[in-house]
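What follows is calculated from the coordinates using simple rules that are stated; it is not laboratory data. Every value quoted in this text rests on a predicted model; they were computed, and no experiment measured them. Note that each Cβ is placed from the backbone with ideal geometry, even for glycine, and that neighbours are counted across all protein chains shown.
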Amino acid sequence: MAASAVAVEADAAGLMPAGYGAAAVLPYLTVPITAATLLRRPIEAAALAAAGALTAVASGRQLGQPGYVVAGVQWLLLAAIGMLTAGAFQRSMLARGGSPQPYAEATRLLTQLRSVARQLPGATLDPGGLAQHLLDELRSSARADRAAVLCSSGGGRLIVLAQAGTERVDWETALDSDSAISDAWASQQPQATGRTQARTSTNGDVSALVVPLVAGVRTVGLIVLEVDGAGAYPPGVIHRVVALAAPAALRLEAALLFDDVRSLATNEERQRLAREIHDGVAQELVMVGYGIDNALATLPEQAAETAQELRTLRGEVTRVITELRLSLFELRSEVERHGGLTAAIADYARTVGASAGLRVHMSLDESTARLPAAIEAELLRIAQEAITNARKHAGASNLWVTCEVDPPYAQITVADDGHGLGEQRTDGRYGLAIMAERAERIRGRLEIRPRHPSGTTVAVVLGTSPRRDRL
């Protein structure tokens with residue numbers, strides 16, 4: 001406002017043409033209004049704009065110079081533009097830094113994912129199924145006695161999504177090793193070599209080809225092909241394999257991302273259910289137990305029959321609370337990133353065995369390589385269901401848990417010395433049906449058989465045994 005007054009005095013003294021002084025300081029007069037808008041003070045900004053416009057118009061009329069009126073209108077327009085620009089900038093900054101924006105973006109992406117998932121066949125978003133289909137395509141275009149599709153599992157190692165060949169191969173999955181696998185991952189370029197990519201060397205000449213699966217700028221996996229013999233992968237063959245790998249990389253990345261989203265959603269739902277059960281039904285049952293205890297303490301000695309009924313009821317409430325606690329433990333149990341599958345199964349078996357008075361015998365054999373996280377989660381749930389069935393229905397005294405994990409092979413066996421399944425059909429029990437569905441989901445097989453001399457054996461087998469003598 002001081003600048004406007006100075007301009008008015010200069011015009012009155014005849015030092016510059018009419019209206020020129022006000023027009024010269026117009027850009028500076030918009031600064032306080034724009035600053036007030038940026039500071040989220042819209043009322044002050046509007047008041048400054050109105051006061052400035054009235055001052056310019058009143059000064060023009062007092063001096064009898066129409067140029068001041070025109071200047072006042074121009075100033076008012078510039079101020080309004082400054083206010084709108086500052087307001088838009090402020091809203092943009094709030095949208096970027098505010099908490100609602102990530103949820104809005106997540107909602108948009110999840111909506112798109114749901115629409116896309118409904119248009120695709122069910123197996124298309126299965127990483128293992130995609131990897132196996134890719135291997136089948138590759139083996140029709142290039143020779144391969146042994147082949148695998150690997151993807152990252154974190155911790156500087158790769159995991160085997162799918163494998164083909166006459167025998168299981170112990171691939172070198174460490175990314176810090178001196179191998180064509182680590183070179184292809186780092187360089188994102190195909191690597192052809194005359195050295196096997198397995199940890200155990202083979203006799204004779206070997207040709208190996210490692211092709212990275214690159215989606216955009218990110219390596220999502222590797223294709224490893226090996227054949228006995230030299231010079232099996234000339235440039236023409238490499239070109240064909242790369243051509244097949246290019247579109248497969250994007251499909252595999254989509255499947256892996258979908259798998260991660262599904263795992264996160266499943267884990268979050270399990271944790272939510274555990275919290276609701278703990279804070280709701282479990283707490284109410286505990287209060288019921290306390291009420292029964294108080295009733296027992298206040299009963300007269302003559303009410304012996306009533307006291308016995310209350311003790312029986314108290315025992316049932318205690319049993320239900322124990323079941324709920326074990327259910328909560330099962331819901332919250334996950335395969336830790338560094339603990340491994342066998343550690344999670346062993347922890348659950350020990351806890352259940354201690355609560356049920358079972359003697360638990362465990363045999364754990366797990367290699368340093370890891371299975372895909374989704375497969376580990378399914379195997380854990382199958383083992384939990386088998387252990388729970390043994391505790392609830394078998395009437396057993398002993399529980400045998402055997403875990404053998406040597407990716408891509410895995411076998412989890414749970415056996416008990418209870419009364420067995422009897423004449424009841426195995427497919428008629430809900431828990432067994434759920435286990436069968438989980439095994440089918442990870443392309444494994446579920447085996448349920450009687451145990452001699454008594455009891456039941458439940459085994460889930462994934463892949464092909466690395467040992468010839470294994471049944």
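Taking 0.36 nm per residue of sequence separation and removing the Cα-Cα distance, the His419/Ala104 pair yields an extension gain of 107.9 nm.
With the convex hull of its Cα atoms as the shape, segment 339-471 has an orientation-averaged projected area of 7.8 nm².
At R0 = 35 Å, how high is the FRET efficiency between Val286 and Ile434 if r is their beta carbon distance? Nearest 0.05 is fine. Step by step, r from the Cβ atoms, then E = 0.75.
Can you compute the equivalent ellipsoid semi-axes for segment 344-396, i.e. the square root of 5 times each eigenvalue of the Cα gyration tensor, sorted largest first and rounded to whole Å?
Each semi-axis is √(5λ); the values are 23, 13, 8 Å.
In terms of its C-alpha gyration tensor, segment 315-371 has an oblate overall shape, because the principal axis ratio a/c (a ≥ b ≥ c, square roots of the eigenvalues) is not below 1.5 and a/b does not outweigh b/c.
Does a label point 7 Å from the Cα of Arg195, set along Cα-to-beta-carbon, have any residues of segment 168-188 with amide nitrogen under 17 Å, and which are they? Once the point is set 7 Å along Cα→Cβ of Arg195, 170-187 turn out to lie under 17 Å by backbone N, inside segment 168-188.
Here the relative contact order of segment 125-247, from alpha carbon pairs under 8 Å that lie six or more residues apart, stands at 25 percent. Sequentially through segment 206-222, phi angles give Karplus couplings (6.51, -1.76, 1.60; θ = phi - 60°) of 9, 10, 10, 9, 10, 10, x, 9, 10, 10, x, 10, 10, 7, 9, x, 9 Hz, Gly and Pro residues having no value and appearing as x.
I need the fraction of alpha carbon pairs in segment 125-247 separated by more than 18 Å, rounded to a whole percent.
Counting pairs separated by more than 18 Å, the tail of P(r) holds 45 percent.
Counting neighbouring Cβ atoms within 10 Å and putting the fewest first, the residues Asp259, Asp228 line up as Asp228, Asp259. What FRET efficiency would be calculated for the residue pair Arg350, Leu84, taking the C-beta separation as r and a Förster radius of 56 Å, to the nearest 0.05? About 0.25, to the nearest 0.05.
Segment 249-275 to segment 176-241: how many Å between their Cα centroids? Distance between centres, Cα-based: 30 Å. In this structure, the amide hydrogen of Tyr233, modeled 1.01 Å from its nitrogen in the peptide plane, lies closer than 5 angstrom to no residue at least 5 positions away or on a different chain. Full extension of the segment from Asp178 to Ala297, taken as 0.36 nm per residue of separation minus the current Cα-Cα distance, would add 35.5 nm.
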